[in-house]
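Each remark here refers to the structure printed beneath this line.
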Amino acid sequence: MVRLMNSFHKSLWVSFSLKRRKLMKQQGKLFYQQSVNDVMQQMKANPEGLSDQSVEQRRAQFGYNRLQAKRRTTLFEKFIAQFKDLMIIILIIAAIIAGIAGEHIDAAIIIAVVILNAVFGVFQESKAENAIDSLKQMSAPMATVLRNGRETTVKSEEIVPGDIVLLEAGDVVPADIRLIETNTLKIEEAALTGESVPVNKQVETINDTDLPLGDRKNLGFMNSNVTSGRGVGVVTGTGMNTEVGKIAHMLNTTEEATTPLQENLNKLGKVLTILILVIAVIVFGVGMWRGEESLINMLLTAISLAVAAIPEGLPAIVTVTLAIGTQQMARHRALIRKLQAVETLGSTDIIASDKTGTLTQNKMTVEKVYLDGQLKDSGETKQLLSDKLPQIMILNNDTKFLEDGLGGDPTETALISFYLNHDLPVQEFIKKYQRVAEIPFDSERKLMSTYNKVDDGQIMMTMKGAPDQLLARVTQILDHGQVRQITDEDKQKISETNHELATQALRVLAFAYRMVDKVPTELTSDAQEHDMIFTGLIGMIDPERPEVAQAVAEAKTAGIKSVMITGDHQDTAQAIAKRLGILERSDHSTDRVINGAQLDELSDSQFENQVENIAVYARVAPEHKVRIVNAWQKKGKVVAMTGDGVNDAPALKAADIGVGMGITGTEVSKEASDMVLADDNFATIVTAVKAGRKVFANIQKSLQYLLSANLGEVLTLFVMTMMGWEILAPVQILWINLVTDTFPAIALGVELAEPGIMKRKPRGRSSNFLSGGIMSNILYQGFFEGFITLSVYAFAILNPVHSSEALIHADALTMAYATLGLIQLFHAFNSKTIHQSIFKVGLFKNKFFNWALLGSTLLLVLTIVVPGFNDMFHVTELGPSQWIVVIIGGFMIVVISEVVKYVQRHFFNQQ
C-alpha cells in the first residue's frame, strides 16, 4: 500500500507538471516565444533598472529569491523511526517475554541488540535529506543588477522579478531570465539540461513550441554558469518559480521508494508473528486441555516456544551483513549512504543512466581529422606546428591556461588538449604569434576569425566555424602543403565527410586561413571573411568512458537492462548508445530512441506498454525522468538511476536506488542518492551489483540457517508437549539461541560470492528471502533437526545408563539439549551454499566462520562439562557413549542435506 501511495504521489506530480505546461501554452506564449519588448512590459521592467521602492513592493509580493525546503527530520525522530520495523517490534516482544520468564540477562541482551541496530541505522542515514540545502549552496551569492539607473552588486536572494541582470564570463546566473542583450554569450547548463556543450545564447524570439530547456536559447536559468561573453537579461522568475525551483519542489514532494529488503523483512515479520502466535496458543491450549500441567508451567512453555521461534538475531545479522558489504564496496570506490542500498543493487533490473559525465567523460575530445583529402582517427595524425591546420586550431582559440587545467569553451579546450597530448609547446606558440585583432563568433554566421602576427611580419587571418558557412567563403584549398583552387569535387567530398561525421554524432568544425599584409580597419564579416583557403575538418565528441561498454555488456549478461536518459540531442544520444552497446547495431533490435516531446504525446498507459522497448531518451526534462522511473516500477522492476546533475535529483530520489557521481556530480545529486561512485566509474556499478547479489545470497543463507534451526526447536518443544514428555527449560532454549543464532549466522553473512552469481537473472521485486528453494529447505531441514533431536531423546529413554527414573529423564533432556545445539552448528556448514555441495565451495575458506563455529561449540559444551553450570542450565554430565550418540545425531543433518542437494541439482535443475 505504501508503494502504491508513493507511486500515486509521483504520478500526480508528473501529471501536474505536464498539465501546468499545457495550461501555460493555452494562456499565452512562453517567455522564449515573446519579444524582448513584450517580456519587459509583462514584467513591468525598466531598461534603467527598478527603483528601490519597486524592489520592496515586488519582494513583498514574490518573496526572496530562495529555494524552500521541507521540514527537516530530527535525529530523535530518525531514531524512533528505526523501531517501526516489524522485526524490531518482534524483538522487543521477545525481550518482554524473556523478562516475564525471569531471564533478565537475555532480555537485556535482546534490548541492547535493538538499540545498537537503531543507532547504526541513524548513523548511516544522518546525512540524508540535504538536497535542498545543496541547491541553495549552488546559488550565486552575489549578482550585478541595474537599480535606479546604476550598476550595483546585491545578494542574489534580493533579486526580484523585473530586475535587469548583467552577466559576464565566470558568473552564475542568479535567477531565470529572458535575455535582452548578448555579446558572444555562452552558458553551460549541463547540470540542469544534460547538454555537455555550452549553449550559444541569442536575443531573437523563438516561435517553436514544446522546446526542451536546452533549446530555449534566449533564456538563462538559475544556477547555470556563464563560460564566455557578456549578456543582459530581465528576471522572469525567482526562487521556487524558477526551473531549479521546480526541481526543488519535486524533491520535496517525491517520496522515497521502499526497498526490496524492507519489503521482504516486513512480509517475513508478519508471517513469523502470525505463526508464532498460532503455535504458542495451540501449545498452551492443548497443555491446559490435557490437565497435566499447571497454568504457570504451560504459560512458561508457550513463552519458551515463542522465544525459540523468534529469530532474534536476524535484524542484527542483516545490519552487520549490509555493513560489511558497505565496507567492501567502499574499497571498490562505491560509497553507500543507506545500508539497504547494498541489497537493493543486487535485485536491480534496470539501470537508467544519465549520459553526460556518467556514460561519457563530459569532456569534448578530438576524434577525427580530415586533412589533405583523407579522414583519419585523431591518434593517426601527429602534424607539426609548422602545418597550417594545427596553427589555426591553436591561434583561433580563447582557451585560458589555469593552474589546475584549461578553462573556457569545451570545444576550444578540446582543440588545445589535442596538441598538448602530443607534447607540443602550445603556450610558447601562442606567445610567439600574438593575436592583434579578431572578428568575434556570432551565432548567426557561426564563424570566428582572428589576426595573428607570424614570421616575416606577416599577418595570418584564421577562421573556424560551421563547415557549410566556412565553405561558402572559401576559394582555395591546402592540398599536401600546396595551395590550389578549390573544385566542386573538393567541396562535394568535404560536405560528404561532414555529413558522415555528423551521423556519428560528432561536432564538426572547419578551418581556413589567408595571409594579409596588415590588420584591416573594417573588421566585419562582409568585408573580410572571403577568399579563404580551406585547411581541414575536425570531428569532436564527448567520448564514452572506456570501461563503460564492458560494464554494459556485463550488466546485460546479468539480465540487467541499461537505459540512457539524457538532455542531449537525439542523434548524439543514439550514436553514443550504439558505441556502448545500449542500443544494438543490428537493424533487428526492438529497442528504440525517443525524445521528450514524443514522450509527452504518450499517455501513461501507452508509455507503460512501450517502456520495455525504449533504450534511449533524449532531450528530456526532469519530470520525464521521474515518469520513466515510475513506468518501470509499475512493471514490477527494481530501478537504479544514475546521474550527476541537478536535473537528475528527483529521479534519483524516486528510484529504488539512486546512484550519484562523486567527482562530476553536483552536491544536489549526491544528497539525493543512496550510493555515490567516488570514481564516477560506471563499471563500479557492476561491481556493486555483484556485491549486492552476494549480500542477498548471504542473508538468505543466514535466514535459512536461523529459521530451520528455530523450526527444529519449535517442533521439538511442540512434540514434547503433545506427548506429555518433559520439555527443555526456557534457559536452555535461550542459551542455544544465543550461541547458535549469533556468531555462526553473522559468519554466513561474510561468505564469498558463489561462482556464476553474475550469470543469474535478476530476482526482481516479486522475489523474497524465501524464494529460490529456501522455503522448502527450511521446512525439510527444520523437520529433520527436530526429528533427530527427538530421536536422541527417545534413544536415551530406551537405553538408559542409570536406573533412577529422574536421572534417566535428566540425561535424556541433556542429550536432547546438546543434540539440538550441535545439530544447528553442523547445519551452519550446510548453509554455506543453498544448492551446491559444501565440499565444492570450501569448508574452511571463511576464517571468521571457522572461529565462530569453534567459539559457539565451546560455549555450548561448557554448560555441560564445567562443574557449577549443571544447576544453572538444568543439565547432567554425559558419558563418552552418550556424547558419541549426540555427535552422530548432530552430524546426520549434514548427510541428509547433501543427499537432498544432490537430488535438487540432478532432478530439479536447481543450481
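Quick note: the coordinates plus some simple rules give every number you see, no bench work behind them. In this text, all values refer to a predicted model and were calculated from it rather than measured experimentally. Don't worry about glycine lacking a Cβ; one is built from the backbone with ideal geometry, like all the others, and counts go over all protein chains shown.
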Over the stretch 365-541, with a single point scatterer placed on each C-alpha, what log10 of the ratio I(q)/I(0) does the Debye formula yield at q = 0.10 1/Å?
-0.35
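In what sequence, highest mean first, do 363-371, 691-699, 34-42, 514-522 appear when ranked by Cβ atoms within 10 angstrom?
691-699, 363-371, 34-42, 514-522
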With a 24 Å threshold on alpha-carbon distance, the violating pairs from Lys840/Lys901; Lys453/Lys491; Lys246/Lys670 are Lys453/Lys491
What aspartates and glutamates does Lys653 reach when the alpha-carbon gap must be under 12 Å and sequence neighbours fewer than 8 apart in one chain are set aside?
Glu129, Glu255, Glu256, Glu671, Asp674
What are the equivalent ellipsoid semi-axes of the stretch 799-911, built from the alpha-carbon gyration tensor (square roots of five times its eigenvalues), in whole angstrom, biggest first?
33, 17, 9
Long-range amide H partners of Asn362, meaning residues 5 or more apart or on another chain whose placed amide H is closer than 5 Å, are Gly357
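Please express the shape of the stretch 857-911 as an equivalent ellipsoid: the semi-axes are the square roots of 5 times the eigenvalues of the C-alpha gyration tensor, given largest first in whole angstrom.
37, 12, 7
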Checking the table Lys201/Lys464; Lys368/Lys431; Lys368/Lys432; Lys44/Lys625; Lys556/Lys690; Lys270/Lys847 against a 24 Å threshold on Cα-Cα, which pairs fail?
Lys368/Lys431; Lys368/Lys432; Lys44/Lys625; Lys270/Lys847
Give me D for the stretch 543-699 in µm² s⁻¹, whole number, from Stokes-Einstein with Rh from the Kirkwood sum over alpha-carbon pairs, 10 °C and 1.306 mPa s.
99 µm²/s
Residue among Val474, Gln492, Tyr419 farthest towards the positive dipole end of the stretch 365-541, charges placed on Cβ
Tyr419
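Rounded to the nearest 5, what % of DSSP beta bridges with both residues in the stretch 402-552 are antiparallel?
Within the stretch 402-552, antiparallel bridges account for around 90 percent of the total.
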As a quick test, which of the pairs Lys400/Lys518; Lys84/Lys634; Lys267/Lys701 have an alpha carbon distance above 23 angstrom in this structure?
Lys400/Lys518; Lys84/Lys634
The answer for Ile614, listing residues at least 5 apart or on another chain whose modeled amide H is closer than 5 Å to its amide H, is Arg592
Select from the stretch 416-461 those GluC sites (Glu not before Pro) which occupy a DSSP coil region and have at most 13 other Cβ atoms within 10 Å, ordered by residue number.
Glu444
I need the GluC sites (Glu not before Pro) found in the stretch 650-729, filtered to DSSP loop residues with at most 16 other beta carbons within 10 Å of theirs.
Glu726
